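Visitor: Before I ask anything, let me first share the structure, which is written out below as structure tokens.
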Amino acid sequence: MAVWARQVSRWCCLLNTARAVEFPGRLRSRGPRACRVFAPAAALPAAEELVPCGLRPYSHGAVGSCSPPDGAKGGSFSSPESNLPPVQQEQAKAEILPDLNAKILDEGWDDIPPSSALEVISEEEAVQIIAEPLLPLQSSTLRDYVDHSETLAKLVHLGVDLSQVEKRQKAGQLLLTLDFEKDIKKILLFLKDVGIEDNQLGQFLTKNPYILGEDLESLETRVAYLKSKKFGQSEIAQMVSRAPYLLLFSVERLDNRLGFFKNELGLSVKKTKDLVIRLPRLLTGKLEPVKENLQVCQIELGFQRNEIQQIVFKTPKILTASKKRLKQTFDYLHNIMGIPHHMLTRFPQVFNSKLLRIKERHMFLAFLGRAQYDPAQPSYISLDQLVSLPDEVFCTEIAKASMKDFENFLKTL
Amino acid sequence: MAAAELAGVFAVYKPAGVAWGRVREAVETRLLRELNAAPGRAPRQQVRFLPASAPGGGGAVGLVAARLPVLADHPLVRGPRFKKLKIGAGHRLDVKASGVFVLGIGHGNKLLTDRYNCHLTRVYTVGGLFGKATDDFSETGNLVEKTTFDHITREKLERILAVIQGTNQKALLMYSNIDMKTQEAYELAVKGLIRPMGKSPPIITAVRCLQFALPEFQLEIHCLHETQQYLRKMVHEIGLELKSSAVCTQVRRIRDGVFTVDDALPRTQWNLQSIQEAIQSCQLKVETELEKTLGHGENSLLHQLGEGWRHS
């Protein structure tokens with residue numbers, strides 16, 4: 001204990017005298033962003049970690065967990081979104097440390113004799129020495145820090161997939177700077193109030209970790225706005241859990257998007273709301289592709305306006321489908337299978353399925369002589385049964401053949 | 001581990017309209033999903049000293065030893081165990097073609113190189129349609145001309161096929177770089193083993209007409225070093241030779257070395273178990289074929305030439 005405190009106090013004096021003004025500033029601003037530009041590296045400074053440990057008197061003796069340092073870091077750093085250029089800090093840091101080390105060595109040899117490792121110390125001091133290996137200063141994964149950070153450990157127990165979160169831009173950095181008790185708990189309680197279940201929280205945070213860094217008041221304003229638009233509590237819960245980025249959008253943006261869909265589609269307010277509740281990704285995605293898809297449906301595929309409205313209400317996914325795939329599927333369905341527009345309006349789910357699947361199944365039915373899609377005639381096969389049934393059921397019920405026959409037929413195509 | 005045990009060559013049936021790269025990726029994704037679904041190793045345990053809830057005596061801090069799992073090994077922190085598999089592709093098929101497509105996994109990729117060096121023939125079923133010609137020789141290209149085809153009979157077609165086979169036979173003998181005047185060459189020719197063992201332009205070793213129903217016809221082609229577009233061009237040229245025009249409707253590979261359509265796995269069977277069974281069942285015949293061809297090649301030409309020198 002004496003040894004430790006002596007060494008640390010020596011370093012403290014040196015640090016304070018050498019860089020009295022600049023060092024605390026550097027401490028403050030070094031934390032939040034990535035030191036390296038490409039990886040979401042954590043800037044947990046090992047040297048600076050020792051400094052706060054040493055400054056505090058050894059009354060806790062918490063050898064295993066490093067939560068006091070985390071707390072100190074969380075407290076002393078300013079807002080997590082500070083945008084100081086990382087490269088300059090990196091260079092400045094690289095310049096400082098060799099300097100300090102040299103100074104420490106120089107002055108250390110002169111005034112105080114170094115303590116020997118063979119010095120006899122008491123049992124209490126021996127127990128309180130921290131002998132763990134230092135945490136890496138930079139890392140590209142959160143695996144190195146998860147055992148030493150209570151925040152990360154609690155997130156893992158909630159079900160957040162850290163291996164996916166660390167791949168996102170700056171998300172890992174954000175998680176390391178937040179503290180569970182102070183910041184994350186409030187947001188989790190807020191999400192529970194909105195209506196997200198406990199077992200869904202992990203998945204939600206994996207897809208959108210940035211919500212943990214959001215301001216609670218703005219989140220509440222947005223939920224209040226949605227309620228003012230007459231979305232019910234359970235509906236809002238459904239929307240938020242299906243489109244995790246929804247609450248990151250400001251009120252103006254949400255307003256614009258809802259207005260856009262009302263104007264473009266021309267459906268009634270109730271139907272537009274129903275659509276948005278079923279596919280809330282429409283509100284968080286881009287709007288140009290939606291406009292283009294509507295144009296494609298009208299001009300190239302030749303659907304009437306009311307037919308488009310019906311199709312979009314039944315399968316809103318068509319608004320975000322790729323145009324090339326839409327055109328190819330329609331071409332095959334209309335020109336080769338001979339299905340008219342009104343049948344396609346009745347069963348728009350065919351546009352969601354893979355073209356290869358439709359082709360194979362249609363050719364099998366044509367080979368067997370059962371390709372009959374006109375409801376007026378006998379042995380009619382409806383389009384939704386054609387695409388949505390799994391292979392075995394399709395073979396036995398619709399085609400009235402065995403799976404083996406289907407596979408042999410596939411090999412002749 | 002299951003991924004290390006998965007090694008060998010197997011064949012899948014590539015559907016038409018899909019690029020070969022997508023087929024390879026689909027197989028890889030499916031295998032990775034099944035391998036990652038299996039339970040992994042239990043996490044390492046570590047001993048940590050946690051502060052005791054009730055303080056012991058006086059100033060000394062009570063520490064309790066506890067065995068806890070290392071969180072860095074938790075599946076949510078570590079991620080999936082397998083992220084990539086080494087799957088290599090054999091002789092490729094272009095987008096419009098379908099058929100037997102050989103893939104290799106892990107150590108089986110070395111067998112793929114050996115199979116390439118064997119220069120075994122591949123067999124295709126090529127379907128054609130008389131009456132029109134397009135710019136890329138297939139049905140979906142831009143139309144160039146339309147012609148009549150009533151004058152074409154099966155005999156005329158077979159005469160043209162015989163001419164093609166004859167010219168290709170000469171090319172075969174030329175590119176195989178064997179001196180025709182030796183006894184070894186005669187023995188190889190009797191067994192039908194003369195073929196170019198290095199690079200050569202596409203060579204057709206055998207053609208025959210399977211079906212002929214105007215305007216459609218179907219050919220079976222045995223060839224070496226070919227591309228599917230070359231086969232379509234051949235159909236186009238057959239049309240020109242017959243004083244008409246033809247486009248190719250279907251190119252389907254039914255055999256690649258020792259793998260036939262029966263060995264190929266259809267899309268519904270691209271899963272771990274079927275692939276393992278396929279590798280096992282084809283292993284023996286792949287190895288015998290490789291030994292016969294590559295081992296035979298060394299024995300017949302070099303070895304015997306060496307003996308010839310020693311005798312003389």
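The values are calculated or read from the model by the stated rules, or taken from the named source; none is laboratory data. The shown structure was predicted, so the numbers you read here are calculated from the model rather than taken from an experiment. Backbone-built Cβ (ideal geometry, glycine too); neighbour counts: all protein chains shown.
Visitor: Can you tell me which residue is farthest from A:K400 (Cα to Cα) among those in the stretch A:349-368 that are within 14 Å of chain B (Cβ to nearest Cβ) and not hydrophobic (A, V, I, L, M, F, W, C)?
Guide: Going residue by residue through the stretch A:349-368, those that are within 14 Å of chain B (Cβ to nearest Cβ) are A:354-364.
Keeping just the survivors that are not hydrophobic (A, V, I, L, M, F, W, C) gives A:354, A:357, A:359-362.
Working: A:K354: 22, A:R357: 18, A:K359: 18, A:E360: 16, A:R361: 13, A:H362: 14 Å.
That would be A:K354.
Visitor: If you go through the stretch A:167-182 one residue at a time, how many are in a loop (DSSP other than H, G, I, E, B) and of a type in the set (D, E, K, R)? If you could, list the steps in order and put the result at the bottom.
Guide: Our first condition is that a residue be in a loop (DSSP other than H, G, I, E, B); within the stretch A:167-182, this holds for A:167-170, A:178-179.
Subsequent filtering for residues that are of a type in the set (D, E, K, R) retains A:167-168, A:170, A:179.
The qualifying residues number 4.
Visitor: Looking at the stretch B:93-108 only, could you name the residues that are in a loop (DSSP other than H, G, I, E, B) and under 20 Å from B:T140 (Cβ atoms)?
Guide: Step one: of the stretch B:93-108, the residues in a loop (DSSP other than H, G, I, E, B) are B:93-97, B:106-107.
Result: B:L93, B:D94, B:V95, B:K96, B:A97.
Visitor: If the requirement is being among the charged types (D, E, K, R), over 24 Å from the mean Cα position of the chain (by Cα) and closer than 18 Å to A:S228 by Cβ, which of these qualifies: A:K262, A:K271? Working first, answer last.
Guide: Values: A:K271 fails: closer than 18 Å to A:S228 by Cβ.
Criteria check complete, one pass: A:K262.
Visitor: While we're looking at this one, here's another question. Of all the residues that make up the stretch A:148-167, how many are more than 10 Å from chain B (Cβ to nearest Cβ) and surrounded by 17 or more Cβ atoms within 10 Å (Cβ to Cβ)? If you could, list the steps in order and put the result at the bottom.
Guide: Pass one, the stretch A:148-167, residues more than 10 Å from chain B (Cβ to nearest Cβ): A:150-151, A:154.
Now restrict to residues that are surrounded by 17 or more Cβ atoms within 10 Å (Cβ to Cβ): A:151.
The total comes to 1.
Visitor: Here is a follow-up. Do we find that B:T249 is over 17 Å from B:A162 (Cβ atoms), part of a strand (DSSP E or B) and in contact (Cβ under 8 Å) with a residue 60 or more places away in the chain in this structure? Quick ask: steps written out before the conclusion?
Guide: Details: over 17 Å from B:A162 (Cβ atoms): yes; part of a strand (DSSP E or B): yes; in contact (Cβ under 8 Å) with a residue 60 or more places away in the chain: yes.
Yes.
Visitor: Please enumerate the residues belonging to the stretch A:396-413 that are at the interface with another protein chain (Cβ under 10 Å from one of its Cβ atoms) and hydrophobic (A, V, I, L, M, F, W, C).
Guide: A:M403, A:F406, A:F409, A:L410, A:L413
Visitor: Conditions first: (1) under 29 Å from A:V146 (Cβ atoms); (2) modelled with pLDDT of 90 or more. A:A224 passes all but one, so which condition is the exception?
Guide: Single failed check for A:A224: (1).
Visitor: Give B:L219, B:L210, B:L231 a once-over and let me know the one that is of a type outside the set (S, T, N, Q), surrounded by fewer than 15 Cβ atoms within 10 Å (Cβ to Cβ), at pLDDT 90 or above and not in a loop (DSSP other than H, G, I, E, B).
Guide: Result of the check over B:L219, B:L210, B:L231: B:L210.
Visitor: May I ask you to list the residues in the stretch B:132-175 that are closer than 15 Å to B:E241 by Cβ and part of a loop (DSSP other than H, G, I, E, B)?
Guide: Matches in the stretch B:132-175: B:F137, B:T147, B:F149, B:H151, B:I152, B:T153.
Visitor: What single numbered condition from (1) closer than 24 Å to B:R22 by Cβ; (2) modelled with pLDDT of 90 or more; (3) surrounded by fewer than 17 Cβ atoms within 10 Å (Cβ to Cβ) fails to hold for B:G141?
Guide: Of (1) closer than 24 Å to B:R22 by Cβ; (2) modelled with pLDDT of 90 or more; (3) surrounded by fewer than 17 Cβ atoms within 10 Å (Cβ to Cβ), only one is false for B:G141: (2).
Visitor: Still on this structure, please answer the following. Can you tell me how many residues within the stretch B:81-134 are aromatic (F, W, Y) and within 21 Å of B:A278 (Cα to Cα)?
Guide: Going residue by residue through the stretch B:81-134, those that are aromatic (F, W, Y) are B:82, B:101, B:116, B:124, B:130.
From what's left, within 21 Å of B:A278 (Cα to Cα): B:101, B:116.
Going through the stretch B:81-134 one residue at a time, the tally reaches 2.
Visitor: Which one of these is within 14 Å of another protein chain (Cβ to nearest Cβ) and surrounded by fewer than 16 Cβ atoms within 10 Å (Cβ to Cβ): B:T260, B:T249?
Guide: Values: B:T249 fails: surrounded by fewer than 16 Cβ atoms within 10 Å (Cβ to Cβ).
Of the residues listed, the single one that is within 14 Å of another protein chain (Cβ to nearest Cβ) and surrounded by fewer than 16 Cβ atoms within 10 Å (Cβ to Cβ) is B:T260.
Visitor: Output yes when any residue across the stretch A:317-325 is touching a Leu at 6+ places or on another chain (Cβ under 9 Å), surrounded by fewer than 14 Cβ atoms within 10 Å (Cβ to Cβ) and not hydroxyl-bearing (S, T, Y), and no when none is. Working first, answer last.
Guide: Filtering the stretch A:317-325 down to residues touching a Leu at 6+ places or on another chain (Cβ under 9 Å) leaves A:317-320, A:325.
With the extra rule that they be surrounded by fewer than 14 Cβ atoms within 10 Å (Cβ to Cβ), the set shrinks to A:325.
Keeping just the survivors that are not hydroxyl-bearing (S, T, Y) gives A:325.
The answer is yes, given that some residue of the stretch A:317-325 is touching a Leu at 6+ places or on another chain (Cβ under 9 Å), surrounded by fewer than 14 Cβ atoms within 10 Å (Cβ to Cβ) and not hydroxyl-bearing (S, T, Y).
Visitor: Please specify each residue of the stretch B:98-144 satisfying the condition of being under 19 Å from B:T205 (Cβ atoms) and aliphatic (A, V, I, L, M).
Guide: Within the stretch B:98-144, the first condition is being under 19 Å from B:T205 (Cβ atoms), and the residues that meet it are B:99-100, B:115-126.
Correct list: B:V100, B:L120, B:V123, B:V126.
Visitor: Kindly list the number of the only condition in (1) assigned to a helix (DSSP H, G or I); (2) over 13 Å from the mean Cα position of the chain (by Cα); (3) away from every other protein chain (no Cβ under 14 Å) that fails for B:D114.
Guide: (2)
Visitor: Further, regarding this structure: Within the stretch A:369-384, can you find the residues that are assigned to a helix (DSSP H, G or I) and either exposed (fewer than 15 other Cβ atoms within 10 Å of the Cβ) or within 14 Å of chain B (Cβ to nearest Cβ) (or both)?
Guide: Within the stretch A:369-384, the first condition is being assigned to a helix (DSSP H, G or I), and the residues that meet it are A:383-384.
Once the filter is applied, which keeps residues that are assigned to a helix (DSSP H, G or I) and either exposed (fewer than 15 other Cβ atoms within 10 Å of the Cβ) or within 14 Å of chain B (Cβ to nearest Cβ) (or both), the stretch A:369-384 yields only A:D384.
Visitor: Could you please find all residues in the stretch B:1-44 being among the small types (G, A, S), out of contact with any Gly (no Cβ under 6 Å at 6 or more places or on another chain), touching a residue at least 60 places away in the same chain (Cβ under 8 Å) and not in a helix (DSSP H, G or I)?
Guide: B:A11, B:A16, B:G17, B:A19
Visitor: For the stretch A:123-166, please list each of the helices (runs of 4 or more DSSP H) lying entirely inside it that holds at least 2 residues being modelled with pLDDT of 85 or more. Spell out the reasoning first.
Guide: Numbers: elements: A:123-128, A:143-146, A:150-158, A:162-165.
Per the criteria, A:143-146, A:150-158, A:162-165.
Visitor: Do we have A:K317 as in a helix (DSSP H, G or I) and touching a helix residue (DSSP H, G or I) at 6+ places or on another chain (Cβ under 8 Å) here? First the steps, then the outcome.
Guide: On the way: in a helix (DSSP H, G or I): yes; touching a helix residue (DSSP H, G or I) at 6+ places or on another chain (Cβ under 8 Å): yes.
So A:K317 passes the test.
Visitor: From the set of residues in the stretch B:62-89 that are in contact with an Asp or Glu (Cβ under 7 Å, 6 or more places away or on another chain) and either away from chain A (no Cβ under 14 Å) or not in a helix (DSSP H, G or I) (or both), which is nearest to A:A153 (Cα to Cα)?
Guide: Initially, the stretch B:62-89 is screened for residues in contact with an Asp or Glu (Cβ under 7 Å, 6 or more places away or on another chain), giving B:70-72, B:76, B:85, B:87.
If we keep only those that are either away from chain A (no Cβ under 14 Å) or not in a helix (DSSP H, G or I) (or both) too, we end up with B:70, B:85, B:87.
Numbers: B:V70: 10, B:L85: 31, B:I87: 37 Å.
Checked the stretch B:62-89; the qualifying residue nearest to A:A153 (Cα to Cα) is B:V70.
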